[in-house]
1. Tell me, Met56, Met254 in order of fewest to most beta-carbon neighbours within 10 Å?
2. Could you tell me the center-to-center distance, by alpha carbons, between the range 66-113 and the range 18-54 in angstrom?
3. Taking R0 as 22 Å, what FRET efficiency do you get between Ala43 and Val108 from their Cβ-Cβ distance, rounded to the nearest 0.05?
4. So how far apart, in nm, are the two label points at Leu219 and Leu187 if each is 7 Å from Cα heading toward Cβ?
5. How large is the Kirkwood hydrodynamic radius of the chain, counting all unique pairs of alpha carbons, in Å?
6. Does the range 168-212 classify as rounded, prolate or oblate by the C-alpha gyration tensor (a ≥ b ≥ c root eigenvalues; a/c under 1.5 gives rounded; else a/b over b/c gives prolate, otherwise oblate)?
7. Run down the aspartates and glutamates and flag those whose C-alpha is under 16 Å from the C-alpha of Lys125, throwing out any fewer than 8 positions away in its chain.
8. Based on Cβ point charges of +1 for Lys and Arg and -1 for Asp and Glu, what charge dipole magnitude is obtained for the range 160-270 about its Cα centre, in debye rounded to the nearest 20?
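What follows draws every value from the coordinates through simple rules; no lab data is involved. What you see is a predicted model, and the numbers here were worked out from it, not measured in a lab. Glycine gets a Cβ as well: all are built from the backbone with ideal geometry, and neighbour counts include every protein chain shown.
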Amino acid sequence: MSDTNGIGAVLDHVAVAAERASELWPRYAGELAGEWLGGGETAGFYSAQVVYSNGMKLEGLEPRHVEENDFLRRFLDHTGPGPHHLTFKVPDIEDAIATTEAAGFPLVGVNLEDPRWKEAFVHPKAACGIVVQLAQSDGEWELEPRPVDLPAPRTDRPARLDHVAHAVADPGRARELFQGLLGGDPLADGGDRTQAWMDLGWSSGGVVRMVTPLEGGPLRDWIGDRPGRLHHLAFTAPRPEALDGAIPAGNGTMEVPPEANLGVRLVVSPG
C-alpha cells in the first residue's frame with residue numbers, strides 16, 4: 001500500500017475525548033490491551049496514546065488549562081464524551097495546507113510556530129462530520145511514562161483496531177477528502193438494503209470505513225442533518241463477549257453501545 005498521494009498523508013490515530021482520560025484506559029488499555037505510548041499536556045488539554053497490534057493508535061483527550069484554550073471544554077459541554085478527531089501526518093505541512101485549501105477544504109486552527117509539531121484542521125462541516133487534523137511532526141517529544149495506575153491488560157494478545165467506521169451523508173464529498181486528498185487506498189466495499197460502505201486504507205495500518213445510508217435505513221435518521229458522524233470503532237480481540245457492557249451482534253461479534261463506553265460505539269469481532 002502506497003503513501004503517495006496529494007499531500008503524502010498517513011492516518012496516525014483516532015482521538016476520543018472524556019472528562020478524565022483515566023476513565024478511558026480500563027477499556028482501551030485493559031480490556032483491549034492497547035500498549036502505552038505516552039502522554040503530555042499543552043494549553044487546553046492533556047493527551048495520551050495507546051497502540052494496537054496493527055500499529056493503529058487511539059488517543060485519549062481530557063480538558064486542562066481551559067483558561068488558555070477552551071476548545072475541548074466547549075466540545076464536551078456541547079456533545080459530551082465521544083469521538084473527537086482523526087489525525088493524518090504529512091511530510092510538509094505548508095504544502096498540505098496549500099493543497100487542501102485548493103481542493104476546497106478550508107482550514108482552521110493553523111499553527112506553525114512549534115517546529116516539533118505543526119498542525120492545521122479541517123472543520124467537521126467541511127470534513128464530512130469529523131475534525132480532521134493534519135500534522136507535521138519533527139523530533140522526539142518527552143512523553144509521560146506509563147502511569148503506575150494504568151490498568152493492566154486483561155490479555156497477552158493485544159486487540160487489532162480494524163477500522164474507524166464513519167457514516168457520511170455525501171459519499172462523493174467523502175471520497176474527495178479521504179481518497180482524493182488524503183490518499184486512502186480502496187480495499188473493499190459492500191453493503192445491504194440500508195447502507196453501502198467502502199474501506200480506505202493507509203500503510204500505517206489505519207482504515208476508514210465510509211458508510212453511506214440508503215433510503216429508508218435507520219442510519220439516515222441517526223445522521224440527521226449532519227454531514228456525517230463517526231459511527232463506531234471496529235476491533236478484533238480475544239473473547240469479545242467478556243467486554244463490559246457488550247451485547248451480541250451476531251456471528252460471535254459483540255457491540256458495546258456508546259452509552260456504555262463514554263460516547264464511543266465499539267464493534268468487536270473474535271480473533
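1. Details: Met56 25, Met254 22.
Going from sparsest to densest Cβ surroundings: Met254, Met56.
2. Cα centroid to Cα centroid, the span is 19 Å.
3. Working: r = 16 Å, r/R0 = 0.74.
Once the sixth-power term is evaluated, E becomes 0.85.
4. Taking the two extended label points, one gets 1.6 nm.
5. So the Kirkwood estimate lands at 19.0 Å.
6. Working: a/c = 2.73, a/b = 1.41, b/c = 1.94.
Oblate shape, in that a/c is at least 1.5 and b/c is the bigger or equal ratio.
7. Glu101, Asp170, Glu176, Asp225
8. On the way: 10 positive and 14 negative charges, 23 e Å.
For this selection, approximately 120 debye.
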